[in-house]
Amino acid sequence: SLSLFGVHLWSWRAFDFLLLIPAAWCLADLVRQSAGDLGGRITLLVTPLLYVSAGYWVAGQKDMTGGLFLVVALWLHVRGYRRGGLVLHAAAGLCIGVAVLNKPTLGLVLPMLPLHALAHGYRWPRAAAATFANVVGLGIALALAFAWIHSLGTSWRDFADMVFTYPRSVRSFNAAALTHVVDKLVHLRMSGFLTLLIAGSLYLIGSDTLT
């Protein structure tokens, strides 16, 4: 991306869209397993269109970039339980770790994975082993990231401030900020995503598949 565009916003855009390719495939495969081949093909077609048309405030934002890694993590999670092997669960944890580096709160997905498995009839010893592999993968991602930037002269305190400490301006959550959030939630641009979310939730409620 840098070789094509240099230090420019499009460098990040190109990299972000490259990340979208495996994420869209994983999402389509999850839908295929749950709703059939046609659903998977439609998902593979619609996902990039929704992502690109959502605007500059979605594509390339750290929330969405972290979300792409979470989609891959969920695909690995489902595949790990269906095919066995802790390597897939460790890879899922690795993807969650990269997502956490984008936004720490995305790590809340990790404790949901064993709950999801237990809800679908898997026994707790297997869920515990898979979760341990998840944590190992997440730890590897964080350790590699810190080792790399530490080699560039960054201290642990700087690393923690960059990844785990929110900016001071974000902490001052006042009434004006709340009004802004509510306004965004009811914005017309969000209505399509909310509709898809509600429709998907209703489908999953009536589905007994792991996906």
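The values are calculated or read from the model by the stated rules, or taken from the named source; none is laboratory data. Quantities reported herein were computed from a predicted structural model and do not represent experimental measurements. FYI the Cβ positions are ideal-geometry reconstructions off the backbone, even for glycines, and counts take in every protein chain you see. With ligands, DNA and RNA removed, areas are computed over all heavy atoms of the protein, side chains included. Shrake-Rupley method; radii C 1.70, N 1.55, O 1.52, S 1.80 Å.
Right, residue 25: closer than 23 Å to residue 82 by Cα, open to solvent by 30 Å² or more (accessible area, probe 1.4 Å) and either among the aromatic types (Phe, Trp, Tyr) or in contact with a strand residue (DSSP E or B) (Cβ under 9 Å, 6 or more places away or on another chain) (or both) or not?
It is true that residue 25 is closer than 23 Å to residue 82 by Cα, open to solvent by 30 Å² or more (accessible area, probe 1.4 Å) and either among the aromatic types (Phe, Trp, Tyr) or in contact with a strand residue (DSSP E or B) (Cβ under 9 Å, 6 or more places away or on another chain) (or both).
Looking only at the range 79-107, which residues are closer than 13 Å to residue 131 by Cα and not small (Gly, Ala, Ser)?
Result: 81, 86, 87, 88, 89, 94, 96.
What's the number of the only condition in (1) farther than 20 Å from residue 159 by Cα; (2) at pLDDT 90 or above; (3) open to solvent by less than 70 Å² (accessible area, probe 1.4 Å) that residue 100 fails to meet?
If we test residue 100 against (1) farther than 20 Å from residue 159 by Cα; (2) at pLDDT 90 or above; (3) open to solvent by less than 70 Å² (accessible area, probe 1.4 Å), just (1) comes out false.
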